[in-house]
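The values are calculated or read from the model by the stated rules, or taken from the named source; none is laboratory data. No experiment lies behind these values; they were computed from the predicted model shown. FYI the Cβ positions are ideal-geometry reconstructions off the backbone, even for glycines, and counts take in every protein chain you see.
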Amino acid sequence: MDVAAIAKREGFVATKRNTDYSLERILLKGVFCCYKSGRSRIGVGSTNKTDCPFKVNFRLQPATGTYAFTSNHNLVHNHDLDPASTTMSAVARRFAPEQLHLINDMDSSGSSVTQIASELRERTNAVVLRRDIYNALGRSGRTHYDGLSQVQVLISALEGNEDVVFRVGGDERNQLSWLTFASRRAIDRFLSMDFVLLMDSTYRTNRFNMPLLLISSIDPFGQSYIVACCLLRDETAMSYNIALSSLKQLFEPRESNVETIMTDQDQSLITAIDAQFPNALHQLCRWHLEMNVKKNFASKPELCSKFTKFMRCEDELIAEQMYADMTNNASSEEAAYLERLYRLRHKYVEVWVSGHRNLGARSTQRAESMNNRFKQHLETNGPLVDLFHALHKMTKSYEETVAFMEFQLRDRPRMYMSMISSMAGRVPRFILDLMEQECMKLRWVKIRDSDEEYIYFMDSHKVSGSACTCPFFSQYYAPCVHALACFGKDALDMFHPGWIVGGASVTQPAILHGPREAPPQIAIEDRRRAELTVLAADIHTRLLDMESGAGISFARKFQEMLDRESLNEPAAIQDPPVSRSRGRPRGSRKNLFRGGRNVA
């Protein structure tokens, strides 16, 4: 950035070429050239290259971790330096304001794109292509939407909805740089059980081609939902840092202690996660890892199969043996690739990730599914405000699904084993079904030893008064087979508060408790009269709370409906039908006058 700024001040554009990166995607060396280096292409879209010899080499210094210029350089240009030419280049194809004004004026007067390009080339030394003119005209045509810019329309929609909270930022040119928005209900839901976040970026969601980072999570019912949407300028570590920092601002004044964050192998996003959520455990998507291994070792299916078993291994020693077996017959390049994956084993191998509080998630499939559903509400060239509408639709659909599941939770509680049956109707079936499988293991679990602090089991797990070290408790924060074996029904107090979603008492089926007493019968007319009284009182209160002019309008409208004793609007007066005689219209009679003759 500093080199680009200095070059622009001197009157040219510096481009980075011949770069070399390490396996960790760290820039090791490269060269800065003038944007007019190379030769022009022959054709209509000529780039006006001059084969400029300017170049400056740089290299990373491992000892200091900084970049330094080498002695191999050439600081001479073979063309005139013009600060105005740096506005349009192969790197930054954007016109200056006065150039845009000229383009719009000439286009309005009927000038062709070729004439506009010729005029611009005469006025400046910039590289101007016809496709740049077309792009500028397209951008200026879609800059405004109903009299306002796209960003203004989106922000107006966000500000007009009390259920949405957002943060927005711009760059030095006052253009949109990033935007993070979320539903307050989604934020509250996540903060009640902040176990896992799934992050995945997607493109083709807006006409400005800005990437969209969707951040989702898993609720107590096992359903995925969107926590926040982040619109970014690009997919760099700086942009991701801003997005995750603004996400934490949405949590204020409360603070979130995210347990696990799952992503693909996007190094920029991983770097931002380490900076913004240093206490969270990072987990890699197994599916992406498996697909990358199959791509790199397409000719060795046996090695791919071994790597899949290595990812799902539940014993540390066996996992080490599997890795050694994979690298025995591998080439040096394959061994280096496997070594890089082995250094990340704590982020995807089962024996290590089973200790993360991730609700059983092993891939970003849920996040990608949310991306696909989100994009179904969008068009590639749609306005930015469609992002708000898409989030609103998905949030509404999700809340309706959760409301129905909560109704089922209380209305038709399932029968479970006696040890956990008291939680039916209070916690979702998602976790109770998993706990029922834990209850079935009680016959095989044996206690080995105990002391004042822990109770030790034969499978090497230990239980204290409030926690267990087994994978089930670590992943779900719910009573496991070890806690049930130690404390019985008292272990149900070990549920995380986020699991308790049904506070009301649950009516058990009559088959367990016999017939219920019939409730007192109330006449239908009395019930409807009571409902009418409540509604009338509510309408009276709301009318008095309104602004006087609006309240009078509503009251008069309601009074008109009462006067005509109908809820429907009065029929509109229409034109009368065209009057004409029935049957086929008669034709005109012939004129039989012959002139000069008397017809008897």
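Before moving on, here are some points about what is shown:
- Hits in region 220-250 - residues which are in a loop (DSSP other than H, G, I, E, B) and either among the small types (Gly, Ala, Ser) or without any contact (Cβ under 8 Å) to a residue 12 or more places away in the chain (or both): GLY222
- Test: residue in region 199-206 that is among the small types (Gly, Ala, Ser) and under 16 Å from ARG366 (Cβ atoms): yes
- Within region 479-499, the residues that satisfy the criterion of being buried (at least 22 other Cβ atoms within 10 Å of the Cβ) and in a loop (DSSP other than H, G, I, E, B) are PRO479, CYS480.
- Any hit, region 145-155, residues being among the hydrophobic types (A, V, I, L, M, F, W, C) and loosely packed, with under 15 Cβ neighbours inside 10 Å: yes
- For region 401-417, the tally of residues that are aliphatic (A, V, I, L, M) and outside any loop (DSSP other than H, G, I, E, B) stands at 4.
- Members of region 251-288 that are of a type in the set (D, E, K, R) and either in contact (Cβ under 8 Å) with a residue 12 or more places away in the chain or part of a loop (DSSP other than H, G, I, E, B) (or both): GLU252, ARG254, GLU255, GLU259, ASP264, ASP266, ARG286
- Among the candidates SER369, SER363, residue that is surrounded by fewer than 20 Cβ atoms within 10 Å (Cβ to Cβ), part of a helix (DSSP H, G or I), within 20 Å of the chain's Cα centre (by Cα) and in contact (Cβ under 8 Å) with a residue 24 or more places away in the chain: SER369
- Within region 519-529, the presence of a residue that is at pLDDT below 70 and part of a helix (DSSP H, G or I) is excluded.
- Condition met for VAL481 (at pLDDT below 85 and in contact with a Leu (Cβ under 9 Å, 6 or more places away or on another chain)): no
- The sole residue among ALA319, ALA336 that is crowded, with 16+ Cβ neighbours inside 10 Å, touching a residue at least 12 places away in the same chain (Cβ under 8 Å), among the aliphatic types (A, V, I, L, M) and not in a loop (DSSP other than H, G, I, E, B) is ALA319.
- For region 137-159, taking the residues that are assigned to a helix (DSSP H, G or I) and not aliphatic (A, V, I, L, M), the one that is modelled with the lowest pLDDT is identified as GLY141.
- Residues that are under 20 Å from TYR477 (Cβ atoms) and β-branched (Val, Ile, Thr), drawn from region 441-466: VAL445, ILE455, VAL463
- When the test is whether a residue is of a type in the set (Lys, Arg), under 15 Å from the mean Cα position of the chain (by Cα) and within 25 Å of LEU384 (Cα to Cα), ARG207 does not pass it.
- Only listed residue being modelled with pLDDT under 90, buried (at least 19 other Cβ atoms within 10 Å of the Cβ) and more than 13 Å from the chain's Cα centre (by Cα), chosen from VAL349, VAL385: VAL385
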